[in-house]
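The values are calculated or read from the model by the stated rules, or taken from the named source; none is laboratory data. These figures come from a predicted structure and were not determined experimentally. Here Cβ is always computed from backbone atoms with ideal geometry, including for glycine, and neighbour counts include all displayed protein chains. Side chains included, ligands, DNA and RNA excluded: accessible areas come from the protein's heavy atoms. Shrake-Rupley method; radii C 1.70, N 1.55, O 1.52, S 1.80 Å.
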Amino acid sequence: MKAGLSRDRVLDGALEYLDAHGLPALSMRKLGTHLGVEAMSLYRHVPNKAALLDGLVDRVTELAFAGLQDPPPGRPDAWVPWMRQFAHALRAALRAHPGVLPFAATRPVNSPDALRMSERWLAVMRAAGLPLGRAMDVVNVVATFTIGHTLAEVGQTPGHEGSEPDLDQRAGELDPARFPNLTEVIATRAGLDFDTRFTEAIDILLAGYAALPPRDAT
């Protein structure tokens with residue numbers, strides 16, 4: 001048995017296994033084998049597979065938070081660059097671990113670690129002058145958009161990885177007379193740059209929220 005087994009080691013090992021084998025292959029027994037321990041020893045750190053999946057979402061979010069410095073309190077709109085930095089960091093973490101995407105998009109954010117991170121989000125944004133209700137909206141919209149965009153970008157269907165349709169695969173089937181715009185998109189790559197699309201969309205979202213009049217004073 002490997003020494004030093006901890007919740008962090010279990011989650012990191014699960015990320016490694018997920019990256020290599022995909023979600024359908026992940027089980028507590030196989031994870032224990034991957035870590036060189038008996039599966040039962042994992043339950044001291046994650047009580048069940050549902051908690052393991054929640055922990056993987058938390059772990060990826062923690063990776064996004066790593067190195068993220070809170071903005072100085074009391075500076076109007078200081079939350080905007082902070083949320084922009086977080087959105088890009090979250091996308092990078094999800095792209096590095098795309099197996100997490102299907103359940104990052106669907107599981108409720110209510111684990112102890114997730115609640116602590118949500119509290120930090122809200123505290124930072126309120127300290128920067130954003131009312132509580134608006135802060136909650138911004139956090140949810142930015143996180144949801146980032147997960148959804150990254151899921152569309154690199155996500156795979158559990159159990160059917162590699163079978164996802166791709167527009168380029170249909171290129172030879174498209175009649176330019178019937179689909180002039182789509183054939184031009186395929187030929188020129190116009191609008192297919194995920195980096196540019198994501199950057200612009202996040203900037204638009206944050207600028208839009210920053211420009212809204214106050215909705216409450218909480």
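Any idea which of T183, T196 is at pLDDT 85 or above and either open to solvent by less than 60 Å² (accessible area, probe 1.4 Å) or among the aliphatic types (A, V, I, L, M) (or both)? Before you say what the answer is, go through the steps one by one.
Working: T196 fails: either open to solvent by less than 60 Å² (accessible area, probe 1.4 Å) or among the aliphatic types (A, V, I, L, M) (or both).
Being at pLDDT 85 or above and either open to solvent by less than 60 Å² (accessible area, probe 1.4 Å) or among the aliphatic types (A, V, I, L, M) (or both) holds for just one of T183, T196, which is T183.
Please identify the pairs in which a residue from region 23-38 that is at negative phi has its Cβ atom under 8 Å from the Cβ atom of a residue that is of a type in the set (S, T, N, Q), counting only partners at least 6 apart or on another chain.
Cβ pairs passing all conditions: G32/S41.
Being crowded, with 16+ Cβ neighbours inside 10 Å, free of Cβ contacts under 8 Å to residues at least 40 places away in the same chain and part of a helix (DSSP H, G or I) narrows it down to one of A64, A123, so name that one. Spell out the reasoning first.
On the way: A123 fails: crowded, with 16+ Cβ neighbours inside 10 Å.
Just one listed residue meets the conditions, A64.
Name the one entry in L56, L115 that is open to solvent by 60 Å² or more (accessible area, probe 1.4 Å), under 16 Å from the mean Cα position of the chain (by Cα) and of a type in the set (A, V, I, L, M). Let's see the steps before the verdict.
Numbers: L56 fails: open to solvent by 60 Å² or more (accessible area, probe 1.4 Å).
Only one candidate qualifies: L115.
Restricting region 33-50 to residues that are closer than 14 Å to D12 by Cβ and surrounded by 12 or more Cβ atoms within 10 Å (Cβ to Cβ), which is farthest from the chain's Cα centre (by Cα)?
Taking region 33-50 as the starting set, the residues that turn out to be closer than 14 Å to D12 by Cβ are 34-37, 42, 45-46.
If we keep only those that are surrounded by 12 or more Cβ atoms within 10 Å (Cβ to Cβ) as well, we get 34-35, 37, 42, 45-46.
Numbers: H34: 25, L35: 25, V37: 29, L42: 25, H45: 23, V46: 21 Å.
Step by step, filter region 33-50, then rank; the result is V37.
Consider region 94-108. How many of its residues are open to solvent by 10 Å² or more (accessible area, probe 1.4 Å), within 19 Å of A66 (Cα to Cα) and hydrophobic (A, V, I, L, M, F, W, C)?
So the answer is 2.
Scan region 2-22 for residues that are at positive phi and more than 23 Å from the chain's Cα centre (by Cα) and jot them down.
Across region 2-22, the qualifying residue is only G4.
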